[in-house]
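Working notes, structure below.
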Amino acid sequence: MSQVRKDYVRPLDLKHGRVDMTHGSGGRAMAQLIDELFMAAFDNEFLRQMNDQARFLPPAGRMVMATDSHVVSPLFFSGGDIGCLSVHGTVNDVAMSGAQPLYLSAGFILEEGFPLADLKRIVESMANAAQEAGVPIVTGDTKVVEQGKGDGVFITTTGVGVVPDGVDISGHRARAGDAILVSGFLGDHGVAIMAQREELAFDLPIRSDTAALHGLVAAMVEAVPDIHCLRDPTRGGLATTLNELALQSRAGMVIREADLPVREEVRAACEFLGLDPLYVANEGKLVAICAPEHAEALLTAMRSHPLGAAAAIVGEVIEDPHHFVQMETAFGGRRIVDWLTGEQLPRIC
Amino acid sequence: MKYIDEFRDGALARKLAADIAREADPRRRYAFMEFCGGHTHAISRYGVEDLLPPNVRMVHGPGCPVCVLPVGRIQAAIWLAQQPGVILCSYGDMLRVPGDNGLSLLKAKANGADVRMVYSSMDALKIARDNPGREVVFFAIGFETTTPPTAVVLQQARALGLGNFSVFCNHVLTPAAIQAILESPEVSTLGTVPLDGFIGPAHVSTVIGSRPYEPFAANNHKPVVISGFEPLDVMQSILMLARQVNEGRAEVENEFTRAVSRDGNRKAQALVEEVFELRESFEWRGLGRVPQSALRIREEFAPWDAECRFPVPEFSIADHKACECGAILRGVKHPRECKLFGNVCTPENPVGSCMVSSEGACAAYYTYGRFRQPGFVAG
């Protein structure tokens, strides 16, 4: 009886090895990387089919699709890393339509020389985030670029989901009189990242808020099916998101500074750096807009969910042909909360 | 936040607003200039003007270091950045200021120049030490607050014998600028800008103290109140100014006693004295050439003076014809009186410097206050 012996392949050195050009060449090395790292971490029935695409039955209802590229620096930060961030970012973009996210894809651009141990940490963090969210990564791609042509790892994820019937959440639906709610403390993610950049060496007990919000959204939609708008205030912070919604809805907005939830440490860090927490990124928060008569019910639903415990009603939509977002300052005056100009830079004197 | 929230308290603000309203004589008007961009920013950001009675008006002054630098000096910095082998280090606010033909340091960087944003002069020195094969130039700007840190790096460069580091010095002086405003025809003879008093700088005064303001308070009979940058500081200072006006006094008073003394920081003054000397005159945007209003690097430090090290050309470039930055910096015009404001000139596409820095009157007004402008149409 003849026996076919399996070829011996030296396992990937996930402790000391580094990404090299062969890992993106389409040959054995790439197959091994996919098999021993990505497949092992993301394992699910779709990946096990070993096809270049995932096949699934289209679910009933309206489908939504969203994509998000992640280029964060540093790759590992207090409260998270690029891996879980890339899952949460896309899950949240899908969820902001009121949808239940179903599947994710993941595209990796790796820089030659990147430590495999770091890649393993990132991939495992992604796998954990996907598992926790209950949204499998069903297809993916890996490319390697030469040293100096990337920044370690870039990850692009795409997600699909399905919106329940009767839910119509869109950025154009804010109406004068509507209430504006936020789901919790603002600015945690951006400040956690900035505190870790090398040129700003100070210690802060602030962790990124990165989290998947579809569970919170499901609870909100169950309590108030007719939510008008939902959006996650990521880059550019709350100020940018409200300006986007005001423009889309052809309306104005007034928020109250005294009602905005901002942690003491975040306020202090922003003060120190000359930043405004309203413009600092969040990765686990959302803004909701609904009819005023639904605001209390929505707030109660948000506060009953662990990711919405510090939720608050912070303002209302008004009629304004200029689509300004204004703020009543805690000091007693009024000012515009404008679009962000350039990057947030520290003031010089 | 301790030591911060106390100075932003809404209830105290309302009480102070009531005090100002009681103090302000309804039969007359009050116009006070806040010299510093830091105050302009605070007034706009916290909506201080909403809390003032209608007959008390704030006039925005020229105290924004980015705004007062003439286009020629910005063009010179761009020229330096374009020299082979040079790394130009600049504070962030300067990067977006347009020079000639709309070119800025940021655009020069996109075209291949090595321009780096630094948070302090020490960062620039470090870049020089880390890049011994490159010429590192620090684009030094600012009033008396940022001058001592520049003096420190010049001393350190000399102590280290650092051969690849130099400073392009654009440090300017506050008292000379206030004097120039008071002597301008609009204030002194034409009366088009009635000024009843000044809110004096906060951080600048921590260095120079309150004494340098005394001669012109007395000579020009204008009260000065040195104020902190928090909104309650500003309101308290407005109240103190109104009281002085009503009582016919013209004194230098210090609201910012928690940081400013009469003599200021003598150690910092000595340091500046050792490294810098007065220029006979210096061009300011809006004010023209002002005598003894800026500093240059002393001869002993010439090897670290970019203007000695490089043949920096003298660029003389006029402001955009319709740009009112000059008049706005003198307090003659309000940003909304500029034809370019909010349409051609916005923070994304600034024509004049007042629209660039967050401390500039136009940027502060555009960013925080333009809902007050009747008929304003958002872009």
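The values are calculated or read from the model by the stated rules, or taken from the named source; none is laboratory data. No experiment lies behind these values; they were computed from the predicted model shown. FYI the Cβ positions are ideal-geometry reconstructions off the backbone, even for glycines, and counts take in every protein chain you see. Side chains included, ligands, DNA and RNA excluded: accessible areas come from the protein's heavy atoms. Shrake-Rupley method; radii C 1.70, N 1.55, O 1.52, S 1.80 Å.
Here is a check on your reading of the model: is B:E274 open to solvent by 30 Å² or more (accessible area, probe 1.4 Å) and over 21 Å from the mean Cα position of the chain (by Cα)? Yes, satisfied.
In the set (1) free of Cβ contacts under 8 Å to residues at least 60 places away in the same chain; (2) surrounded by fewer than 17 Cβ atoms within 10 Å (Cβ to Cβ), A:P115 fails one condition alone, (1). Scanning the stretch B:34-70 for residues that are basic (K, R) and part of a strand (DSSP E or B) yields one hit, B:R57.
Of all residues in the stretch A:233-247, those that are more than 11 Å from A:K285 (Cα to Cα) have Cβ atoms under 6 Å from Cβ atoms of residues that are open to solvent by 40 Å² or more (accessible area, probe 1.4 Å) and part of a loop (DSSP other than H, G, I, E, B), 6 or more apart or on another chain, in A:G236/A:L340; A:T240/A:L340; A:N243/A:W339. Restricting A:D141, A:D168 to those that are assigned to a strand (DSSP E or B) and among the acidic types (D, E) reduces the list to A:D141. The residue that is farthest from the chain's Cα centre (by Cα), counting only those in the stretch B:109-122 that are assigned to a loop (DSSP other than H, G, I, E, B) and among the polar types (S, T, N, Q), is B:N111. Applying the selection to the stretch A:1-24, what residues are out of contact with any helix residue (DSSP H, G or I) (no Cβ under 7 Å at 6 or more places or on another chain) and open to solvent by less than 80 Å² (accessible area, probe 1.4 Å)? Across the stretch A:1-24, the qualifying residues are A:D20, A:M21.
To keep it simple, each residue is scored yes or no on (1) modelled with pLDDT under 95; (2) open to solvent by less than 20 Å² (accessible area, probe 1.4 Å); (3) in the same structural domain as B:V59 (by TED's automatic domain parsing); (4) among the polar types (S, T, N, Q).
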site	(1), (2), (3), (4)
B:G133	no, no, no, no
B:V136	no, yes, no, no
B:F139	no, yes, no, no
B:T150	no, yes, no, yes
B:C169	no, yes, no, no
B:S184	yes, yes, yes, yes
B:G191	yes, no, yes, no
B:L195	yes, yes, yes, no
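Just one of the listed residues (B:A31, B:A21) is outside any loop (DSSP other than H, G, I, E, B), within 27 Å of the chain's Cα centre (by Cα) and either buried (at least 24 other Cβ atoms within 10 Å of the Cβ) or more than 10 Å from chain A (Cβ to nearest Cβ) (or both), and it is B:A31.
Residues A:A174, A:A195: which one is aliphatic (A, V, I, L, M) and open to solvent by 10 Å² or more (accessible area, probe 1.4 Å)?
None of the others qualify; the one that does is A:A195.
Just one of the numbered conditions (1) under 30 Å from A:G166 (Cβ atoms); (2) within 13 Å of another protein chain (Cβ to nearest Cβ) is not true of A:D226: (2).
Residues of the stretch B:302-331 that are among the aliphatic types (A, V, I, L, M) and touching a residue at least 12 places away in the same chain (Cβ under 8 Å): B:A306, B:V312, B:I317, B:A318, B:A322, B:A327, B:I328, B:L329.
Residues of the stretch B:42-52 that are within 21 Å of B:R330 (Cβ to Cβ), at the interface with chain A (Cβ under 8 Å from one of its Cβ atoms) and surrounded by 24 or more Cβ atoms within 10 Å (Cβ to Cβ): B:S44 alone. Say we look at the stretch B:186-211 and pick out the residues that are over 17 Å from the mean Cα position of the chain (by Cα) and not in a loop (DSSP other than H, G, I, E, B); which of these is farthest from the other protein chains (Cβ to nearest Cβ)? The selected residue is B:S188.
The number of residues in the stretch B:57-73 being within 14 Å of chain A (Cβ to nearest Cβ) and aliphatic (A, V, I, L, M) comes to 4.
None of B:L125, B:L95, B:L88, B:L106 is in a helix (DSSP H, G or I) and in contact with a Phe, Trp or Tyr (Cβ under 7 Å, 6 or more places away or on another chain) except B:L125.
Assess whether B:E253 counts as being surrounded by 19 or more Cβ atoms within 10 Å (Cβ to Cβ) and at pLDDT 95 or above. The answer is yes for B:E253. Remark: pairs (first residue in the stretch B:155-174, over 18 Å from B:I141 (Cα atoms); second residue part of a loop (DSSP other than H, G, I, E, B) and among the charged types (D, E, K, R); Cβ separation under 7 Å; 6+ apart in sequence or on different chains) = B:N164/B:R134. When the test is whether a residue is touching a residue at least 60 places away in the same chain (Cβ under 8 Å) and either open to solvent by 80 Å² or more (accessible area, probe 1.4 Å) or under 20 Å from A:V160 (Cα atoms) (or both), A:A60 passes it. Picking from residues in the stretch B:88-107 that are more than 14 Å from every other protein chain (Cβ to nearest Cβ) and closer than 22 Å to B:T150 by Cβ, the one that is surrounded by the fewest Cβ atoms within 10 Å (Cβ to Cβ) is B:G99. Filtering the stretch B:126-139 to residues that are more than 14 Å from every other protein chain (Cβ to nearest Cβ) and of a type outside the set (S, T, N, Q) leaves B:A128, B:R129, B:P132, B:G133, B:R134, B:E135, B:V136, B:V137.
For the stretch B:316-327, the criterion of being hydroxyl-bearing (S, T, Y) and in contact with a strand residue (DSSP E or B) (Cβ under 9 Å, 6 or more places away or on another chain) is met by at least one residue. Looking at the stretch A:329-340, can you tell me whether even one residue there is within 14 Å of another protein chain (Cβ to nearest Cβ), under 21 Å from the mean Cα position of the chain (by Cα) and in contact (Cβ under 8 Å) with a residue 60 or more places away in the chain? Within the stretch A:329-340, one or more residues are within 14 Å of another protein chain (Cβ to nearest Cβ), under 21 Å from the mean Cα position of the chain (by Cα) and in contact (Cβ under 8 Å) with a residue 60 or more places away in the chain.
Okay, residues lined up against (1) of a type in the set (A, V, I, L, M, F, W, C); (2) farther than 17 Å from A:R207 by Cα; (3) out of contact with any Phe, Trp or Tyr (no Cβ under 6 Å at 6 or more places or on another chain); (4) modelled with pLDDT of 95 or more:
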site: A:V254; (1), (2), (3), (4): yes, yes, yes, yes
site: A:E264; (1), (2), (3), (4): no, no, yes, no
site: A:E271; (1), (2), (3), (4): no, yes, yes, no
site: A:G274; (1), (2), (3), (4): no, yes, yes, no
site: A:T300; (1), (2), (3), (4): no, yes, yes, yes
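For the stretch A:243-276, the set of residues classified as aliphatic (A, V, I, L, M), surrounded by 16 or more Cβ atoms within 10 Å (Cβ to Cβ) and in a helix (DSSP H, G or I) consists of A:L245, A:A246, A:V266, A:A268, A:A269, A:L273, listed by residue number. The residues of the stretch B:289-337 that are on the phi > 0 side of the Ramachandran plot and either touching an Asp or Glu at 6+ places or on another chain (Cβ under 6 Å) or buried (at least 18 other Cβ atoms within 10 Å of the Cβ) (or both) amount to a single one, B:G331. Exactly one residue out of A:V135, A:V72, A:V91 is under 15 Å from the mean Cα position of the chain (by Cα), part of a loop (DSSP other than H, G, I, E, B) and closer than 22 Å to A:D188 by Cα, and it is A:V72.
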